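Every read-out reported here was derived from the displayed coordinates using simple, explicitly stated rules and does not represent laboratory data. Remember, predicted model here, so these are calculated numbers, not experimental data. Here the Cβ is made from the backbone with ideal geometry for all residues, glycine too, and neighbour counts use every protein chain on show.
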Amino acid sequence: IFMNNIEEINNSSFNNSSFNNTHGRKILKGLKTIKINDQSELNEIGEKCFKGFPNLEKVEIITSKELTIGESAFQDCSGLKTITISLTNDYPSIIIKEGAFKNTTLLENIYITSTKNEDINISLGDSAFNNSGLQYIGKFF
């Protein structure tokens, strides 16, 4: 999925239960990459938005807003390996809420860049990475 000019992805937007037909679920379950480009003003990925996408491997986000990743947003994305977030605002900040990446056992790295400021504020909710394989979260040089 490639997204332009996005401000918010609402709760459960792509959660399997949001789709009423089997065909739609099969297409989304095969999703491997989410890329939200530099024209985006994304400020939130809602709770349970991408929950349970086993084939999702990579997420790339470029945004000019403070970013909130909602509760259980990527929970049970068992194939998720890498997330790259680039913040283009003056006061870069990321809020990762409770259980956002729970059960992402292959997730090893979250790389974060900031184009305007060296300091990045990262706020983590309880159990944000419970049962994940996360080894590194921080700046990508």
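Once both labels are positioned 7 Å from their Cα atoms along Cα-to-Cβ, the gap between ASN89 and THR105 label points is 3.6 nm. Between LYS116 and LYS81, the modelled labels are 3.4 nm apart [label points 7 Å from Cα along Cα→Cβ]. Our estimate of slack between ASP126 and LYS58, defined as 0.36 nm per intervening residue step minus the Cα-Cα distance, is 22.2 nm.
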